[in-house]
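Here is the structure we will look at.
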Amino acid sequence: MTTILNLSELLGAFIMNRSWRRLLGLLLCLGSVGWAQEKVIIDTDIGDDVDDAFALALAVKSPELQVLGISTAFGETDVRAKIVDRFLAEVGKSDIPVFVGKPAGKTPMSQRIYGEEGHFAKSSHADATDFLLQEITKYPGEITLIAIGPLMNVGEAIDRDAAAFRKLKRVVIMGGSIRRGYGDYGYNEHFPPSPEWNILNDVKSAQKLFASGVPVYVMPLDSTQLKLDEVKRAFLFTRGTPVTDQLAILYHLWAQETPTLFDPMTVTFVLKPELCPVAPMHIRVDEKGYTREEPGTPNAQVCLNSNPEDFFQFYLRRVGER
Ligand SMILES: [Ca+2]
């Protein structure tokens, strides 16, 4: 009796001890990772704005995710793919395959040189839509597509095989502007909704996505205008890890001051949905690229509000982890 009591007291003392609780937490986390990694494909227009790189950084630092592949969309998709090649190689993830969407003309790209110098760039990349449809067929109902650029590849996949596309588990996009426009942070003067970049650059594909019947999760301007201020940048860029070093290089090539981390909220939502709570909504994408909230059967789950401080507490800890 005494022995049993002593053992339970000992166990209680261990559990109360903070380091043991942390260890238990880690073991539980590793256990859950082993069982149910989330299969994701990321479709990105990395290369001009810098937030895509910050989204990829979060994905590669997250053991909860199994990144099946990364595809590029919009403009010079081959240059974008070379940027992804280098980023993945520099952070030790060159096993993740990279695919290209249809190229469409030349656009200014602040981070072009990062991919063009030829570091780790693969000589060719297979087609993004072929890959997407093939993976959906292989893992029906299991894949989350995270789309953080204009939606050309999504539109093409729906055109080519709408039935297969519907077998995605879900699509999580950064896109749209429901009640707030660019520059409206909630505390300052109101800026009305405006056509958001990703929707505006391929309105037809966005319309197809909202009509596709696939569960669509939307992280619009309303909840994604997350400013990486100088205190946060100083923290991140002095971590000296392979991932934060690449972010520092891409940030300097981008050559502006304060990045807005629109895209990382999509990856964050997949990992911690409570950081961007969604509500059902019927969204109509009009010809001008507005995402109108209208009465009707919900065709999307939309996050209208997030707490930037909570987001950064999570993001900086995870991406800055040594
Ligand atoms: Ca983007």
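The set of residues from the range 224-234 being under 15 Å from Pro264 (Cβ atoms) and not charged (D, E, K, R) comprises Thr224, Gln225, Leu226, Leu228.
Could you go through the range 112-119 and let me know if any residue there is away from the ligand (no atom under 16 Å from the Cβ), on the phi > 0 side of the Ramachandran plot and surrounded by fewer than 21 Cβ atoms within 10 Å (Cβ to Cβ). The answer is yes, given that some residue of the range 112-119 is away from the ligand (no atom under 16 Å from the Cβ), on the phi > 0 side of the Ramachandran plot and surrounded by fewer than 21 Cβ atoms within 10 Å (Cβ to Cβ). Tell me which residues, restricted to the range 119-143, are in contact with a helix residue (DSSP H, G or I) (Cβ under 8 Å, 6 or more places away or on another chain) and not charged (D, E, K, R). Once the filter is applied, which keeps residues that are in contact with a helix residue (DSSP H, G or I) (Cβ under 8 Å, 6 or more places away or on another chain) and not charged (D, E, K, R), the range 119-143 yields His119, Phe120, Ala121, His125, Ala128, Thr129, Leu132, Leu133, Ile136, Thr137, Ile143. Restricting attention to the range 158-180, the residues being out of contact with any Gly (no Cβ under 9 Å at 6 or more places or on another chain) and surrounded by fewer than 18 Cβ atoms within 10 Å (Cβ to Cβ) number 7. Does Glu189 fit the bill of being closer than 24 Å to Leu226 by Cβ, acidic (Asp, Glu) and buried (at least 17 other Cβ atoms within 10 Å of the Cβ)? No, not satisfied.
When the residues of the range 300-322 are narrowed to those that are more than 26 Å from Pro242 (Cβ to Cβ) and in contact (Cβ under 8 Å) with a residue 60 or more places away in the chain, which ends up surrounded by the most Cβ atoms within 10 Å (Cβ to Cβ)? Per the criteria, the residue is Val302. Within the range 143-157, being buried (at least 24 other Cβ atoms within 10 Å of the Cβ) and more than 16 Å from the ligand (Cβ to nearest atom) holds for one residue alone: Ala157. Sort out which residues of the range 247-270 are away from the ligand (no atom under 16 Å from the Cβ) and touching a Lys or Arg at 6+ places or on another chain (Cβ under 8 Å), and write them in order of number. Correct list: Thr258 only. Evaluated against (1) farther than 19 Å from Ile46 by Cβ; (2) touching a Leu at 6+ places or on another chain (Cβ under 7 Å); (3) of a type in the set (Gly, Ala, Ser), Ser205 falls short on exactly one condition, (1).
Name the residues in the range 244-258 that are at negative phi and not polar (S, T, N, Q), would you? Of everything in the range 244-258, those that are at negative phi and not polar (S, T, N, Q) turn out to be Asp245, Leu247, Ala248, Ile249, Leu250, Tyr251, His252, Leu253, Trp254, Glu257. Exactly one residue out of Thr297, Thr260, Thr291 is touching a strand residue (DSSP E or B) at 6+ places or on another chain (Cβ under 8 Å) and surrounded by fewer than 14 Cβ atoms within 10 Å (Cβ to Cβ), and it is Thr297.
Flag not set for Asp184, criterion: under 30 Å from Leu247 (Cα atoms), in contact with a Leu (Cβ under 6 Å, 6 or more places away or on another chain), crowded, with 17+ Cβ neighbours inside 10 Å and acidic (Asp, Glu).
Taken over the range 65-74, the residue count meeting the criterion of being surrounded by fewer than 24 Cβ atoms within 10 Å (Cβ to Cβ) and either closer than 14 Å to Asp43 by Cβ or hydroxyl-bearing (Ser, Thr, Tyr) (or both) is 3. Of all residues in the range 176-208, those satisfying the criterion of being touching a helix residue (DSSP H, G or I) at 6+ places or on another chain (Cβ under 9 Å), within 16 Å of the ligand (Cβ to nearest atom) and either on the phi < 0 side of the Ramachandran plot or of a type in the set (A, V, I, L, M, F, W, C) (or both) are Ser177, Tyr182, Pro195, Glu196, Asn198, Ile199, Leu200, Asn201, Asp202, Ser205, Ala206.
Taken together, the values in this text are just the output of simple stated rules run on the coordinates, not laboratory data. Please read all numbers here as calculations on a predicted model, not as lab measurements. Here the Cβ is made from the backbone with ideal geometry for all residues, glycine too, and neighbour counts use every protein chain on show.
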